[in-house]
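Notes to accompany the following structure.
The values are calculated or read from the model by the stated rules, or taken from the named source; none is laboratory data. Since we're looking at a predicted model, the values are computed, not measured. Because the Cβ atoms are built from the backbone with ideal geometry, glycine has one as well, and the counts that use them run over all protein chains shown.
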Amino acid sequence: MGAIRTGGHSVFTISDELLGLTDACALVTGGAMGIGRGCALRLAQAGCHIAIADMNVDHAAVTAREIEALGRRAIVVEADVRDEESVRRRLSIA
């Protein structure tokens, strides 16, 4: 654990081992791009296997390959998270 200074700001860090996420499974909505992609990759770096729920399956597949390159499993689930039934249907298939 510790703090890293970046541009005048301190960022708290914690080791992946202390997070206790090794081999946990995480569902990341909007994981194809932007903040969701960053969260998916960071969770994978911490040891999670990732399910990416996104409407943009092409970009989600790119993120999934990056996660797999980190040694974690990844699946892409095409779903519109604004529609609860869509998510339920898709996740029951996955």
Just name the residue that is farthest from Ala60 (Cα to Cα) out of those in the stretch 11-47 that are free of Cβ contacts under 8 Å to residues at least 12 places away in the same chain and among the small types (Gly, Ala, Ser).
Gly20
Of the candidates Leu27, Leu18, the one satisfying the condition of being at pLDDT below 95, more than 29 Å from Arg88 (Cβ to Cβ) and not small (Gly, Ala, Ser) is Leu18
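Looking only at the stretch 55-72, how many residues end up being under 17 Å from Cys25 (Cβ atoms) and either at pLDDT below 95 or more than 11 Å from the chain's Cα centre (by Cα) (or both)?
To start, the set of residues in the stretch 55-72 that are under 17 Å from Cys25 (Cβ atoms) comprises 60, 63-64, 67-68, 70-72.
Next, from what is left, pick out any that are either at pLDDT below 95 or more than 11 Å from the chain's Cα centre (by Cα) (or both): 68, 70-71.
Result for the stretch 55-72: 3.
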Name every residue in the stretch 52-64 that is hydrophobic (A, V, I, L, M, F, W, C) and surrounded by fewer than 22 Cβ atoms within 10 Å (Cβ to Cβ), in order of residue number.
Met55, Val57, Ala61, Val62
Take the residues in the stretch 73-89 that are in a strand (DSSP E or B) and closer than 24 Å to Leu21 by Cβ, then tell me which one is farthest from the chain's Cα centre (by Cα).
Val77
